[in-house]
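Worksheet: one structure, shown below.
The values are calculated or read from the model by the stated rules, or taken from the named source; none is laboratory data. Because the structure is a prediction, the values reported are computed rather than measured. Cβ coordinates were reconstructed from backbone atoms using ideal geometry, including for glycine residues, and neighbour counts include every protein chain displayed.
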Amino acid sequence: MITAEHVRLMAEYNQWMNQRLCDLCEAMGDEARKQDRGAFFGSIHLTLNHILYGDLAFMSRFTSDPAEVPPIGVDLHDDFQDLKTARLALDARMVAWGAGLGPDWLTTDLTFDSKVDNVTRTLPRWAVVVHMLNHQTHHRGQITTLLSQMGLDIGTTDIPFMPRFNA
């Protein structure tokens, strides 16, 4: 099982990486972001939308906010500035949520309806949080690979290089 401190670290890591990713992607322009590059979701833009969708769906399950999320596969934000604004706002919300997380919350079960296969699942909350955190990292890795293929370098993505450890 993970700890609340682990969740806080990973929420902060998520925020740090998404800010850097958004800044690099913003500089490339809409056409390059939306070009189908053969990734699982096609483009960098749609992959960014998918990560946002996943985080929004999990935060809805954890906090009931929002009460409903759109169906899976919906392009939440066609405009990149809207996507970036929503991403950074959700990251701040996730950091605040993690800061208030107590150890007891992680030990209880969560029952939710999966939008992927329409199955109701009951899992330990800590396992669902681990999945959310892993999901983010997995898809950011896809994007950083696409960026690297374009000759764009996001720099180090390692936790020891986060600002909190360089202060």
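Of note:
- Yes/no for GLY151 being out of contact with any helix residue (DSSP H, G or I) (no Cβ under 7 Å at 6 or more places or on another chain) and over 24 Å from LEU9 (Cβ atoms): yes
- Residues (assigned to a loop (DSSP other than H, G, I, E, B) and either of a type outside the set (Ser, Thr, Tyr) or modelled with pLDDT under 95 (or both)) located in segment 23-63: GLY29, GLN35, ASP36, ARG37, GLY38, PHE40, PHE41
- Listed by first and then second residue, the pairs linking a residue in segment 7-35 that is over 28 Å from ASP104 (Cβ atoms) to a residue that is part of a helix (DSSP H, G or I) and basic (Lys, Arg), with Cβ atoms under 8 Å apart and 6 or more places separating them unless they lie on different chains, are MET17/ARG140; ASN18/ARG87; ASN18/ARG140; LEU21/ARG140; CYS22/LYS84; CYS22/ARG87; CYS25/ARG33; GLU26/LYS84.
- Of all residues in segment 120-167, those being in contact (Cβ under 8 Å) with a residue 24 or more places away in the chain and of a type in the set (Gly, Ala, Ser) number 1.
- Helices (runs of 4 or more DSSP H) (entirely within segment 83-167) containing at least 3 residues that are more than 19 Å from HIS45 (Cβ to Cβ) and under 20 Å from the mean Cα position of the chain (by Cα): 125-149
- When GLN19 is tested against (1) surrounded by fewer than 20 Cβ atoms within 10 Å (Cβ to Cβ); (2) under 16 Å from the mean Cα position of the chain (by Cα); (3) polar (S, T, N, Q); (4) within 25 Å of VAL116 (Cα to Cα), exactly one condition is not met: (4).
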